[in-house]
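Working notes, beginning with the structure itself.
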């Protein structure tokens, strides 16, 4: 490892008056990067007339732009006084590769940057799992299985990754496989539109989630996709062949259980060890992502499951449209990221979530057991996470009553006051889709005739009606299954974030479909709410929390 000093202009009798740094201590910079601006007093030529008259040097104030002459980490930033005394503005720590000495036995403890499968890639030192390393090594990217780097190199690679994403105006999207993009079971199935695969002599049946191709195709220019699964690499590779046979969307970007043996959870540090401002996650299980504000929960996709209620059959399996709405949510977040001056997907996600049901004041009838505090019930909590205000009683301000149809006092009161009385599916799907759905099909009178496809654009409805295969989602047979409407709703509500929110153009598409004309007023309200949450006009720069920025 070498140290490179960056010096001020080599001018005799130069006086440094002020240094304005454009970088931070420990920041990784590349050669040619702007480091600082100097304001200096520079002596004029001794041959000048004024110098000859007064017999003293005459100084003139000049400004200098200093650029880096090397790539590396900044570990010394001097003040004007320090730079004047030492003739050094800053120092850059630059990495040099040591000579290879594979299998060296005399090394005390390896301090090199890269480790593969527990062995140093430079000196061959094999670390002991129980040994306390002098330098912690981190995963960074998926360039190889069991590949780790020390912190400095991991941060440098992360910096390059971030710059590449900014140049391409993309974000990272981490996608789970089972129950998020597909559903898989062991054995054969007679259901339509499935794929049968043999892995080590075992037959699996897989159904891709509806709208998967649509989802990937429409987001490929906005996101760089990664698959992150707790399944085996062999299984994941077979699923990837179904999802992306030409490696158009994912390439080789796959993280499996084989890459993290012994790990029960998932972590973004394997991709970006320090900075998670540009990455989103779509996964059906929040338990594997503890305390991750980057997570969007996807309702589980079930296809090989027949024990469904009549209502669930209308919104699950072939009628699962979550990825269509997820496409709009993720496109919205991407566009907002590149239009905001201070960019962090976590902040954007939280803001959108709080606007989904903003303006709704919801009461419940027959939905919450009397021995439970209403505020502790998952339905209540989910509604409030997405911007609604929940009420214990029906009042003049109530906009919706979620009811099981029992002729309760609240039910009768809402009917007298012409307040929409809706099936719980309206709330659960609005939360899942991150979109205030039109109420007309979810009234207790209309719920048995629910046609969820009418929420989609007319062109897509035609495609579905003629039986065109639409991508679906999969799951390994080892995961637990939810077998009731209550379990389904609760699993949606327990997550800190859920499926998807459409933008205003989707709201207009909804209004163009076959919704009852008497509900137009409610639909226009949904359009107004969607318009209100749209993103601001573009800024000239994307600026990050570490004050790095990129002009766009």
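Note on segment 172-193: residues that are in contact (Cβ under 8 Å) with a residue 60 or more places away in the chain and either part of a loop (DSSP other than H, G, I, E, B) or not assigned by TED's automatic domain parsing to the domain that holds residue 230 (or both) total 8.
The set of residues in segment 333-351 being at pLDDT 95 or above and in contact with a helix residue (DSSP H, G or I) (Cβ under 7 Å, 6 or more places away or on another chain) consists of 333, 336, 337, 345, 348, 349.
Of everything in segment 270-279 that is in a loop (DSSP other than H, G, I, E, B) and in contact with a strand residue (DSSP E or B) (Cβ under 8 Å, 6 or more places away or on another chain), the residue that is surrounded by the fewest Cβ atoms within 10 Å (Cβ to Cβ) is 273.
If the condition is being part of a helix (DSSP H, G or I) and touching a strand residue (DSSP E or B) at 6+ places or on another chain (Cβ under 9 Å), then segment 418-458 contributes 424, 426, 427, 432, 442, 447. Residues in segment 360-381 that are in contact with a strand residue (DSSP E or B) (Cβ under 9 Å, 6 or more places away or on another chain), touching a residue at least 40 places away in the same chain (Cβ under 8 Å) and farther than 20 Å from residue 415 by Cα: 379, 381. Within the bounds of segment 328-350, is there any residue that is outside the structural domain of residue 175 (by TED's automatic domain parsing) and within 30 Å of residue 396 (Cβ to Cβ)? No: segment 328-350 contains no residue that is outside the structural domain of residue 175 (by TED's automatic domain parsing) and within 30 Å of residue 396 (Cβ to Cβ). In the set (1) outside any strand (DSSP E or B); (2) buried (at least 20 other Cβ atoms within 10 Å of the Cβ), the condition left unmet by residue 282 is number (1).
Checking every residue in segment 34-57 against the condition of being in a loop (DSSP other than H, G, I, E, B), under 23 Å from residue 164 (Cα atoms) and modelled with pLDDT under 90 gives zero matches. For segment 205-234, the set of residues classified as surrounded by fewer than 22 Cβ atoms within 10 Å (Cβ to Cβ), more than 18 Å from residue 268 (Cα to Cα), in contact (Cβ under 8 Å) with a residue 60 or more places away in the chain and out of contact with any helix residue (DSSP H, G or I) (no Cβ under 7 Å at 6 or more places or on another chain) consists of 205, 213, listed by residue number.
Pairing residues of segment 340-359 that are free of Cβ contacts under 8 Å to residues at least 40 places away in the same chain with residues that are not in a helix (DSSP H, G or I), at Cβ distances under 8 Å and at least 6 apart in sequence or on separate chains, gives 348/340; 354/386; 354/387. Here residue 389 fulfils each of the conditions (1) under 24 Å from residue 327 (Cα atoms); (2) touching a strand residue (DSSP E or B) at 6+ places or on another chain (Cβ under 7 Å) apart from (1). May I ask you to verify whether residue 413 is over 22 Å from residue 317 (Cα atoms) and more than 34 Å from the chain's Cα centre (by Cα)? It is true that residue 413 is over 22 Å from residue 317 (Cα atoms) and more than 34 Å from the chain's Cα centre (by Cα).
The values are calculated or read from the model by the stated rules, or taken from the named source; none is laboratory data. As the structure is a computational prediction, the values presented were derived from the model and not from experiment. For neighbour counting, all protein chains shown are included, and Cβ atoms are generated from backbone atoms with ideal geometry for every residue, glycine included.
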